[in-house]
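Asks: I'd like to ask some things about the structure below.
The values are calculated or read from the model by the stated rules, or taken from the named source; none is laboratory data. Just so we're clear, the structure is a prediction, and the values are computed from it rather than from any experiment. In this analysis, Cβ positions are derived from the backbone assuming ideal geometry, glycine residues included, and neighbour counts consider all displayed protein chains.
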Ligand code: NAD
Ligand code: IPM
Ligand code: MN
């Protein structure tokens with residue numbers, strides 16, 4: 001019979017709490033659908049780092065190749081300088097396995113309280129397709145440790161006046177470079193187009209900021225337009241600031257939104273808020289090799305270890321994992337179980353994030369009981 005080897009990195013803060021519930025639900029659906037699971041547990045995160053100094057050993061990257069998927073909770077802890085664990089574990093995994101697609105569906109489930117209620121008959125069901133390997137995440141830059149000469153006098157920059165004066169005496173300067181390569185923009189656009197078509201949608205929206213950063217995002221627009229039109233879809237670009245404005249006011253008007261890495265990060269938190277909370281926002285990192293499934297949210301240190309976190313995002317991320325493993329029926333069942341829980345819960349049984357008093361484990365149990 002079918003069996004899958006799944007790596008688990010519960011990570012920091014609420015990570016272990018929400019992953020425990022996701023695993024509970026995945027176990028329940030596996031026995032209902034008759035497939036097996038073996039879990040390989042990894043301890044990486046703040047606790048392990050503070051105890052051992054180890055972040056994510058190279059040997060683990062090799063080992064992970066023998067797993068079919070990785071389920072991750074969250075990485076990051078206030079006791080560790082920002083970026084060390086996030087770049088050293090999370091981004092390392094995304095980059096090493098070239099998980100170039102970051103899928104972040106934003107769907108408002110019926111009966112979930114929304115900060116901006118939808119008008120009668122309107123639905124919110126978007127898919128953010130976030131480029132996951134480039135943009136300002138590549139780690140190219142200077143951290144302000146020493147004076148930087150940006151070479152303005154050599155004509156690298158076309159601005160006159162103010163900027164030139166500001167850089168004429170080298171001073172400590174920090175900078176971080178945003179990268180877009182043709183191959184990466186084309187492959188993510190092609191992927192987003194396929195996903196749009198799969199949803200019966202003939203339009204693709206790209207979030208940019210070509211008005212302020214024409215080099216980087218003008219290039220994005222050019223490449224993405226070509227890939228989109230080639231596939232017969234209507235291509236639309238919008239400045240990300242205006243997009244945020246419209247998403248809040250008319251979320252039902254949007255479907256598949258393609259984003260460069262950093263805008264995708266920001267837009268997906270905004271959409272999480274609009275669709276019921278970070279605790280329902282699921283995510284998948286997909287490439288040609290290992291896939292990593294993780295909620296959009298972080299380790300939420302403010303509510304960690306209190307059984308207060310909403311585990312639905314982790315549970316729905318596990319559903320995305322099942323889908324990628326080819327267990328489509330199991331994936332649909334988990335999504336349906338979340339929907340059934342939300343539709344049937346008394347207001348006080350909802351997660352705290354949604355105004356109820358449902359604990360992390362009670363919400364996980366309730367979802368599992370629908371399977
Ligand atoms: P966060 O997403 O952890 O928290 C933002 C707010 O949302 C907090 O008030 C938190 O309590 C709330 N929240 C988040 N998830 C929730 C849930 N499931 N249920 C109820 N409430 C929830 O973002 P942050 O505070 O910016 O980051 C905290 C740490 O997590 C940082 O170290 C950051 O780098 C890291 N982080 C990791 C990931 C990841 O591993 N994928 C993602 C984002 C942030
Ligand atoms: C996310 C997180 C990460 C990101 C951080 C922790 C590096 O915010 O997964 O959304 O920016 O991608
Ligand atoms: Mn984020």
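Asks: Condition first: exposed (fewer than 13 other Cβ atoms within 10 Å of the Cβ) and in contact with a helix residue (DSSP H, G or I) (Cβ under 7 Å, 6 or more places away or on another chain). Now tell me which residues in region 120-138 satisfy that.
Replies: Result: 122, 123.
Asks: Now, a different point. What are the residues in region 63-98 that are within 16 Å of ligand 3 (Cβ to nearest atom) and without any contact (Cβ under 8 Å) to a residue 12 or more places away in the chain, if any?
Replies: Answer for region 63-98, where residues must be within 16 Å of ligand 3 (Cβ to nearest atom) and without any contact (Cβ under 8 Å) to a residue 12 or more places away in the chain: 82, 83, 86.
Asks: At least 1 residues that are farther than 24 Å from residue 369 by Cβ and within 16 Å of ligand 2 (Cβ to nearest atom) in each: list the strands (runs of 3 or more DSSP E) lying fully within region 1-79 that qualify.
Replies: Strands (runs of 3 or more DSSP E) meeting the threshold: 3-11, 69-74.
Asks: Now for a separate question. Among the numbered criteria (1) buried (at least 22 other Cβ atoms within 10 Å of the Cβ); (2) outside the structural domain of residue 345 (by TED's automatic domain parsing), which single criterion is violated by residue 317?
Replies: Tallying (1) buried (at least 22 other Cβ atoms within 10 Å of the Cβ); (2) outside the structural domain of residue 345 (by TED's automatic domain parsing), residue 317 fails exactly one: (2).
Asks: Could I ask something else about it? Given (1) more than 19 Å from the chain's Cα centre (by Cα); (2) within 14 Å of residue 299 (Cβ to Cβ), where does residue 16 come up short, assuming only one miss?
Replies: Condition not satisfied by residue 16: (1).
Asks: Any idea which residue in region 99-126 is nearest to ligand 3 (Cβ to nearest atom), counting only those that are closer than 18 Å to residue 338 by Cα and part of a strand (DSSP E or B)?
Replies: Among those that are closer than 18 Å to residue 338 by Cα and part of a strand (DSSP E or B), it is 104.
Asks: If you take the residues of region 285-297 that are farther than 11 Å from residue 313 by Cα and within 12 Å of ligand 1 (Cβ to nearest atom), which of them is surrounded by the most Cβ atoms within 10 Å (Cβ to Cβ)?
Replies: Here the answer is 285.
Asks: Let me ask something else. Which residue pairs have Cβ atoms closer than 6 Å, lie 6 or more positions apart in sequence or on different chains, and pair a first residue in region 12-38 that is assigned by TED's automatic domain parsing to the domain that holds residue 358 with a second residue that is within 16 Å of ligand 2 (Cβ to nearest atom) and assigned to a helix (DSSP H, G or I)?
Replies: Filtered contacts from region 12-38: 12/46; 13/301; 18/314; 19/314; 22/314.
Asks: With respect to residue 117, is the statement that it is in contact with a helix residue (DSSP H, G or I) (Cβ under 8 Å, 6 or more places away or on another chain) and either loosely packed, with under 15 Cβ neighbours inside 10 Å or without any contact (Cβ under 8 Å) to a residue 40 or more places away in the chain (or both) true?
Replies: No, not satisfied.
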